[in-house]
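Structure first, then comments.
Each reported figure results from applying straightforward, stated rules to the coordinates on display, with no laboratory input. Since the model is a prediction, treat every value here as computed from it, not as a measurement. A quick note on method: Cβ atoms are made from the backbone with ideal geometry, for glycine too, and the neighbour counts reach across all protein chains shown.
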Amino acid sequence: MRLLRRHLNAFIRKGYLPQKAELPEEGGWDQPFATALQSIENTFFYGEADPDNQLNNADTLFQFLVQAQLEEKKLVASLSNEVYVLASTMVPGGVDRIKRTTLKTREMVNGKPVVKKTIQETKITGNIRNYLPEILGAMTKRSLNDTEMLMMALATIRAESASFQPVDEGISRYNTSPVGTKGRHPFDRYDFRPDSLGNNQLGDGALYKGRGFVQLTGRANYEQMGKQLGLNLLDNPDQANEGPAAAAILAQFIKNKEGGIRAALKTNNLVHARKLVNGGTHGLKEFTDAFAAGRKYLGMAIPKKAKTAAKAKP
């Protein structure tokens, strides 16, 4: 603990943290220490670096504190390995992958032409690295950068957009009339639904179809969310699929239901937590599977009984 306090004080002296007063060298995991540590996470890890809530010597956050070269002043924000692994465990569709390409070349061997095959491997950056930083930033801005709310966001993404990127709602029997129906057009079943969606005219269904990480749907929801975020989503609904806006919509959606979500998670009522975001049980299996995978990963890192006491965040 003394070592960590020394390194946190080095960050404070260099002006990297909002705190002005240095920490006493002696002390435990008190509020000033927790506040300084959270400031490190906010500044350099998009608000969350330690989802298992226990700081070990091998953790990214610990290594960052003791190895950062402050004199270079070139520190930039990055995803911690622990947060990336949690996200990849809960939403495997967004992981980095290796693309393998077979290359063929002709060579002469003992005077005879021979085709030689080699495998070329190229690392493809997954959508987790592309979008999770923006999501973490949006969650931090709304004081949602704790493990439970991060898992809620990740499980929602698993249920709504499993590739970990904002997507358009697809045409289905739930939103579009059967082929051969008079006047059929994409999302016609969403038209003229003022009570549930706020759609009040022909074409509103397609214009305000589901978009983003959380599948924002309906004129009324686009209008309300746009007002909360200061975005004109009514005139530009496609903006809901753009990275920064999609991240903000996801975070704000969770913030709007935060009290109910926290209460549901406290009693492990994942069905209700899912309904608070989706309004139904669509994607419930994926949602619960994601939570199970995330909890298993975190459970391997820290005993359940120690989770709440291991790290107190402000």
Seminar exercise, completed: log10 I(q)/I(0) for region 155-314, Debye formula on C-alpha points only (no solvent), q = 0.09, 0.11, 0.19, 0.20 Å⁻¹, two decimals, reads -0.36, -0.52, -1.25, -1.34
Seminar exercise, completed: Checking region 14-81 for GluC sites (Glu not before Pro) in a loop per DSSP with at most 14 other beta-carbon atoms within 10 Å yields E25, E26
For this session: Enumerate the whole-percent occupancy of each 10 Å bin, from 0 to the last occupied one, for all C-alpha pair distances of region 97-193.
Result: 12, 21, 17, 20, 15, 9, 5, 1
Exercise. Can you tell which of A34, A58, A68 shows the greatest fluctuation in a Gaussian network model of the chain with Cα springs below 10 Å?
Worked result: A58
Seminar exercise, completed: With a 24 Å threshold on alpha-carbon distance, the violating pairs from K20/K141; K209/K275; K99/K296; K227/K266; K99/K285 are K99/K296; K227/K266; K99/K285
Exercise. Which FRET efficiency value, to the nearest 0.05, is calculated for S172 and Q224 with the Förster distance at 30 angstrom and r the Cβ-Cβ distance?
Worked result: 0.75
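Counting only other residues whose beta carbon sits under 10 Å from that of D168, what net charge do I get with K and R as +1, D and E as -1?
Net charge around D168: 0.
Okay, helix-only estimate at 222 nm for the chain: each DSSP H run of n ≥ 4 adds -39500 (n - 2.57), divide by all residues, round to 500 deg cm²/dmol; what do you get?
Details: 13 runs with 142 residues, N = 314.
Theoretical 222 nm ellipticity from helices: -13500 deg cm²/dmol.
Within region 164-238, which chymotrypsin sites (Phe, Trp or Tyr not before Pro) sit in a loop by DSSP and count at most 12 neighbouring Cβ atoms inside 10 Å? Kindly include the intermediate steps, with their values, before the conclusion.
Working: sites: F164, Y174, F187, Y190, F192, Y208, F213, Y222; in loops: F164, Y174, F187, F192, Y208, F213.
For chymotrypsin sites (Phe, Trp or Tyr not before Pro) across region 164-238 that sit outside H, G, I, E and B with at most 12 neighbouring Cβ atoms in 10 Å, the list reads Y174.
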Exercise. Put a dot 7 Å past each Cα toward the Cβ at N269 and K117; how far apart are the dots in nm?
Worked result: 5.7
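When the chain is fully extended, how far beyond the present Cα-Cα distance does K257 get from T125, taking 0.36 nm per residue of separation? Intermediate values should be presented prior to the final figure.
Working: separation 132, 0.36 × 132 = 47.52 nm, distance 3.22 nm.
Between K257 and T125, full extension yields an extra 44.3 nm.
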Seminar exercise, completed: For Kirkwood radius over Cα pairs in Å, with candidates (1) 19.8; (2) 20.5; (3) 22.1, the value calculated from the shown model is option (3)
For this session: May I ask you to sort D30, D50, D188, D195 by Cβ crowding, counting other Cβ atoms within 10 Å and putting the fewest first?
Result: D195, D30, D188, D50
For this session: Just report the Cα centroid separation between region 172-197 and region 236-265, whole Å.
Result: 25
